Structure formats: C-alpha cells, structure tokens
1. In the range 370-385, what count of residues is obtained for those that are buried (at least 24 other Cβ atoms within 10 Å of the Cβ) and either aliphatic (A, V, I, L, M) or out of contact with any strand residue (DSSP E or B) (no Cβ under 7 Å at 6 or more places or on another chain) (or both)?
2. Has the range 330-349 got any residue that is in the same structural domain as S394 (by TED's automatic domain parsing), out of contact with any helix residue (DSSP H, G or I) (no Cβ under 7 Å at 6 or more places or on another chain) and part of a helix (DSSP H, G or I)?
3. Just for the range 68-112: of the residues that are acidic (D, E) and in contact with a Ser or Thr (Cβ under 9 Å, 6 or more places away or on another chain), which one is nearest to ligand 2 (Cβ to nearest atom)?
4. Go through (1) modelled with pLDDT under 95; (2) within 22 Å of L344 (Cα to Cα); (3) among the β-branched types (V, I, T) for I255 and report which single condition fails.
5. Just need a number here: residues in the range 91-138 that are surrounded by fewer than 17 Cβ atoms within 10 Å (Cβ to Cβ), more than 16 Å from ligand 1 (Cβ to nearest atom) and part of a helix (DSSP H, G or I).
6. How many residues, within the range 125-154, are in contact (Cβ under 8 Å) with a residue 40 or more places away in the chain and closer than 16 Å to S115 by Cα?
7. Would you tally the residues in the range 289-311 being in a loop (DSSP other than H, G, I, E, B) and surrounded by fewer than 17 Cβ atoms within 10 Å (Cβ to Cβ)?
8. Look through the range 155-172, keep the residues that are under 21 Å from L79 (Cβ atoms) and among the charged types (D, E, K, R), and return whichever of them is farthest from ligand 1 (Cβ to nearest atom).
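The values are calculated or read from the model by the stated rules, or taken from the named source; none is laboratory data. Quick caveat, the model's predicted, so the values are computed rather than measured. Here the Cβ is made from the backbone with ideal geometry for all residues, glycine too, and neighbour counts use every protein chain on show.
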Amino acid sequence: MGKHYCKVCGYESLRWLGKCPTCGEWNSLIEEVELPSFGFPSLPSSHPVPLQEISSSEKDRVLTKIGEFDRVLGGGVVLGSIILIGGDPGIGKSTLLLQVGDALSKSLGKVLYVSGEESAPQVKLRADRLGIESPCFYILPETNMQYIISTIEEIEPHALIIDSIQTIYMPKILSSPGSVSQVRECTAKLVSLAKGKGIPIFIIGHVTKEGAIAGPKILEHMVDTVLYLEGEKYTSFRLLRAVKNRFGETREIGIFEMRDFGLEEVLNPSSFFLRECPTNVSGSVVTASLQGTRPVLVEIQVLVTETRFGIPKRETVGVDYNRVNLLIAVLEKRVGLHLSSCDLFVNVAGGVRVLEPDIDLAITVAISSNFKDKIVDGDLAILGEVGLLGEVRSVSYIDKRIREIEKLGFRGCVIPKNNLEGLNSNKSFKKIGVSTVKEALESLSIL
Ligand code: TYD
Ligand code: MG
C-alpha cells in the first residue's frame with residue numbers, strides 16, 4: 001500500500017482524502033508507492049568552515065551573452081546552481097534553452113541537453129532553424145534517470161539541461177513520470193549533481209492550468225532559481241521573469257521576441273512597444289511603465305462607445321480591471337464625465353501587462369480623450385497615480401522614466417506637480433506639472 005500525495009502542495013496522507021487539508025484543493029490526492037526517500041541532497045563540504053575563509057561565489061558566474069537571460073539571473077549563470085524554468089506549453093522554453101545551451105557550450109565547453117519529449121532528429125531540426133552548430137553541444141533523447149546519470153559520468157558536461165522534469169523518472173520508484181515522488185526524487189538527484197560537480201543545471205517544468213509549475217511546491221524550494229517564461233501565444237513577445245533567485249534580485253525582467261530563427265532579445269523595449277503607435281487618433285496615450293527596474297514606454301488605448309444594452313460593458317487587457325473601474329468613478333464624480341451609459345475597452349498595445357498605479361493618469365486621459373473625441377498631443381507622454389479625490393499623486397523613479405521618454409524623441413510630458421521638484425532642467429523638454437485630473441485634462445485641451 002502506498003501513501004497518498006497532494007499533487008499540488010505535496011501533502012502526505014496515509015489514506016485518500018477528497019480535499020487536501022493543507023492547500024484546500026479538491027481531488028488532488030493520488031496514491032503512490034513509497035520507497036525509502038533519498039532525502040534532501042547533502043551539499044559538498046560537510047564540515048564547518050569559518051565564514052571568512054569561504055571564497056565568494058561571485059566569480060563563479062558565466063555569461064551566456066544572451067543579455068536578457070543574464071540580466072534575469074542577476075548577472076549570468078552561477079556555476080553549481082540549479083535553475084527551474086516554467087511556462088505554458090508552446091511558449092518557447094525548449095527554444096530558449098537550446099539557445100542558452102548553445103551559448104554556454106561556446107564559453108564553458110560540453111553542454112548536455114536531455115530531451116524527454118522530442119527525438120534527436122526533432123531537436124536537430126529545431127537546432128538547425130536556430131542556427132546552432134556548436135560541436136560541444138550534445139543531445140540525449142532519454143527519460144531514464146539512471147542512463148542520464150551514467151551519460152553524465154561518461155561525457156562529463158559543463159552544463160546540463162533537462163527537458164522536462166515531468167518526463168524523466170527513477171526506475172527504482174514505481175510511480176509514473178511526473179508524479180510527486182518521481183519529480184521530487186529526480187530533482188533531489190539533480191540538485192546533488194549540480195552541487196557535487198559544480199555545473200549549472202537547467203530544468204524545464206510544465207505548468208498546470210492554474211499557472212504554477214506542475215509538481216509539489218517543494219520543487220521550487222529545492223532549486224536555486226525559478227524563472228517563468230510568459231506571453232500571449234498569439235503575440236510574438238515573451239517575458240522572462242524570476243520569481244525566486246538565491247543569487248540575485250527577482251525584480252529584473254527579460255524581454256524577447258519569438259522570431260522564425262528563435263527568441264531574439266528586445267534591446268530597446270520602448271521602441272518595440274511603440275512601433276505601431278498611431279498618431280492623431282483619440283484614445284491613445286503613451287506612458288512610461290516600469291518593467292523590473294527598467295522604464296519601458298507603452299501605449300494605452302481606449303475605446304468608449306454607447307451602451308446598446310442596459311448594463312455597460314467594461315473590458316481591460318493588460319491593466320487591472322478593478323483599477324479601471326475606480327478611475328471611471330473618479331472621472332464621473334470629480335471631472336463630471338458621464339461614462340455610466342458607455343461601454344469601455346482599455347488595452348495596452350503589444351500584449352504587455354502593466355499593473356502599477358503610476359499609469360493611472362494615462363488611462364484617465366485616454367478615456368477622456370476618446371470620450372470627448374479630442375486627440376492627445378502625440379509629442380507628450382503622461383505619468384501619474386490618481387487618487388479617489390481626483391488628485392494626481394507622485395510616481396517613483398521619475399528621473400529614469402523621463403530620461404526614457406526623452407530618449408524616444410518625445411518633446412515633453414505631463415507629470416505630477418509633486419514630482420517637478422529636483423528634476424534636471426533640460427529647457428527644450430517640456431514638463432507640465434499637474435495636481436488634479438481635471439487640471440491635466442485642461443492642460444491637454446480635452447476639457
Ligand atoms: P517550444 O520551445 O517548443 O515551446 P515549449 O518548449 O515551451 O513547449 O516553442 C514552440 C513554439 O515556438 C512553436 O509554436 C513554434 C515557435 N517557434 C518559432 O516561432 N520560432 C522558432 O525558431 C522556434 C524554434 C519555434
Ligand atoms: Mg518543449
């Protein structure tokens with residue numbers, strides 16, 4: 001008789017339960033035959049060492065030269081670290097790691113790519129498309145962990161990629177690949193390999209429909225770094241985000257575009273997102289959002305139409321739905337726009353998501369612009385958080401954002417009055433300080 005495991009959180013139970021008592025998920029307990037666990041892998045050097053005598057691992061980093069990838073990792077790949085990469089099927093995980101593997105094989109030497117999902121010719125076909133021709137890049141179509149380990153012993157790679165953790169299995173464990181005990185034990189083995197041999201190991205993980213990496217939560221605790229590759233499948237743009245990183249910040253974001261020849265770094269995200277920005281159309285406003293620590297200009301688009309049926313319809317893509325409803329209420333009450341009989345659609349062009357309140361003013365201006373059918377001056381970008389009283393509140397990192405706006409060739413910006421102080425004075429760049437939404441709309445000749 002085996003134990004029952006919750007496939008969401010890894011909770012163990014002797015008998016089956018309809019609802020997991022830990023995470024509250026229904027029907028998530030599955031039976032697995034328990035074998036003595038190999039336990040959490042021990043780290044090398046198991047005797048105490050004075051902290052001061054330990055050399056810092058900063059120098060043990062290697063750059064992939066894929067700038068966006070290095071940035072998300074906090075400045076390159078740490079040797080001996082284990083990195084989990086999750087994302088929806090078809091989003092580009094295998095593509096990204098083939099490119100990373102190729103890059104690492106040029107700087108580190110042998111790289112082994114274990115493919116549990118595709119045959120060697122299939123991988124080769126894709127590698128040809130990506131222009132990979134490094135002689136040190138090895139492909140192993142295999143799912144049995146034992147063979148994988150013996151191959152590692154034989155060819156001694158300097159980096160390892162596992163595609164994907166849900167397809168590989170330990171023959172000693174009777175449950176099927178992808179089950180909680182398989183995923184846990186295979187990962188434990190990989191962690192001890194990474195630490196023992198001092199090589200970086202990348203693990204691809206599938207994502208459940210709720211958006212978490214399939215398998216027990218402890219999978220994320222066992223690894224050093226967890227990255228998610230995200231994006232809408234119908235747009236070409238992809239975001240690489242760190243949700244956990246023992247060796248760096250988790251605020252950084254990598255931006256890529258999926259092309260015919262693989263993922264390409266987006267070196268100038270602002271011009272990427274504004275490349276199709278129209279001029280002279282009402283309801284379009286440019287603002288500077290913060291993606292990670294980088295300012296990125298995006299275009300907010302709004303369409304306001306008369307409601308055909310009783311209840312007005314409101315839809316948002318890329319911005320917070322509730323926030324937009326709040327801004328509509330502010331426009332109704334503080335500015336006097338009658339939006340209650342209008343359908344309203346808000347979209348951030350290009351498929352990017354911006355959830356910070358610093359773009360509030362841009363959304364309110366875009367709504368008013370389309371409602372009144374007055375065009376917003378295309379040479380201006382708009383920034384500011386909006387409060388319930390209709391006041392415009394200051395935003396963070398104003399200097400950075402303004403620098404980006406200037407760099408993209410805008411001639412000025414509308415910003416919170418409180419942000420005006422202490423700004424560098426570039427005379428040719430107009431800075432219009434406003435303290436209320438109404439003032440902003442008046443200064444843009446919308447009201
Ligand atoms: P893939 O890396 O297989 O996704 P995952 O491993 O996350 O499931 O990427 C699959 C998609 O990417 C597929 O729909 C085709 C597309 N693609 C390109 O557009 N260009 C390319 O060069 C490659 C290799 C894939
Ligand atoms: Mg894949």
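1. Residues meeting the conditions: 4.
2. yes
3. Step by step, filter the range 68-112, then rank; the result is D102.
4. Here I255 clears every test but (2).
5. So the count comes out to 2.
6. Residues meeting the conditions: 3.
7. Count: 6.
8. Among those residues, the one meeting the criterion is E156.
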